[in-house]
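Asker: I have a structure I would like to understand better, so I am pasting it below and will then ask my questions one at a time.
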């Protein structure tokens, strides 16, 4: 079967990773995969050789659209629209709904998205296809001595409030107020968004704005004890999945896409309240989670005092993360594509 993927190509964004990895997995299953891209986003680095070699001028066969839900979509040809969103209401429904209801199938990575899209008026059949991981992310032994290293990783450009970086800093400083506790908080965000952190006067908090390669990111996870991820909403939750695969427990809300694979066996669940979404991209678009400050503080302290428990939950998380592979994603997606071809 010829499968033409239409997306924006990128080496670092979530949609870019999804496009490349699902494309390679479909090809490994014996299908002719082509990339009829809308653009190349190379500000994070060049796209892969695989992506470059599969670019075509015009598509054929069945189309797999992989973009945000408010993107133009080719009409009149068999198309599966693979998308996601991070709050309970659709972005620009007056624009996105006609496209989503004009394709042959809608694909989302989590049941939360499927329920929200249906409630918003998507009448096209909706299919849930969980995402996967590359083989680079694998369980690594945890350092059992030295400071407790909490890692926070996020791309905050698409609506800064959602990732809750300021709340993460506030929870960390409240959890360890003396200043002499043997803890560190490592913040990894993209350049240009450091103002979202707010004023920080704590030598235990370290900031990184470098764009990391996949292998560098794996090494970053290895250096951490716990991933601290107080996000308000995720279509999937790639950083959580990656950290779990590396054998690191996670402090996060069991909410939205992350609830597909994360629970307390893999880390600490943050209690939350469902509140109206805010920020430039999400204002007025339904609800998402607001992590409770006291719950974050308690989780940080519990993780700090018991390194063995961190390691135990990290092992459980790695086993859970391994269940979700790109091959599994491709095999789940294939019947959808075959049914509309």
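Each value in this text was obtained by applying a stated rule to the coordinates, not by laboratory testing. In this text the structure is predicted, and so the values were computed from the model without any measurement.
Asker: Measure nothing fancy, just the Cα-based angle from helix 326-340's long axis to the longest principal axis of the chain, in degrees from 0 to 90, nearest 10.
Answerer: The helix 326-340 is inclined about 30 degrees to the chain.
Asker: On to the next question. Let me make sure I get this right: for region 262-341, a, b and c are the square roots of the gyration tensor eigenvalues over alpha carbons, sorted descending. Under 1.5 in a/c it's rounded, otherwise prolate if a/b > b/c, else oblate. Which is it?
Answerer: It comes out oblate by the Cα gyration axes.
Asker: In percent, how large is the relative contact order of region 148-321, given Cα pairs closer than 8 Å and 6 or more residues apart?
Answerer: 25 percent
Asker: A further question follows. Return the ratio Rg/(2.2 N^0.38 Å) for region 148-321, where Rg is computed over Cα atoms only.
Answerer: With N residues counted in region 148-321, Rg over 2.2 N^0.38 Å equals 0.95.
Asker: In addition: Given the options 281, 290, 244, state which has the largest fluctuation in a GNM of the chain using a 10 Å cut-off (strictly under) for Cα springs.
Answerer: 281
Asker: Taking only Cα atoms, what is the 0 to 90° angle, nearest 10, from helix 14-28's long axis to the longest principal axis of the chain?
Answerer: 60 degrees
Asker: Against the longest principal axis of the chain, how steep is helix 293-305, in degrees 0 to 90 to the nearest 10, with axes from Cα atoms?
Answerer: Between the helix axis and the principal axis of the chain, the angle is about 70 degrees.
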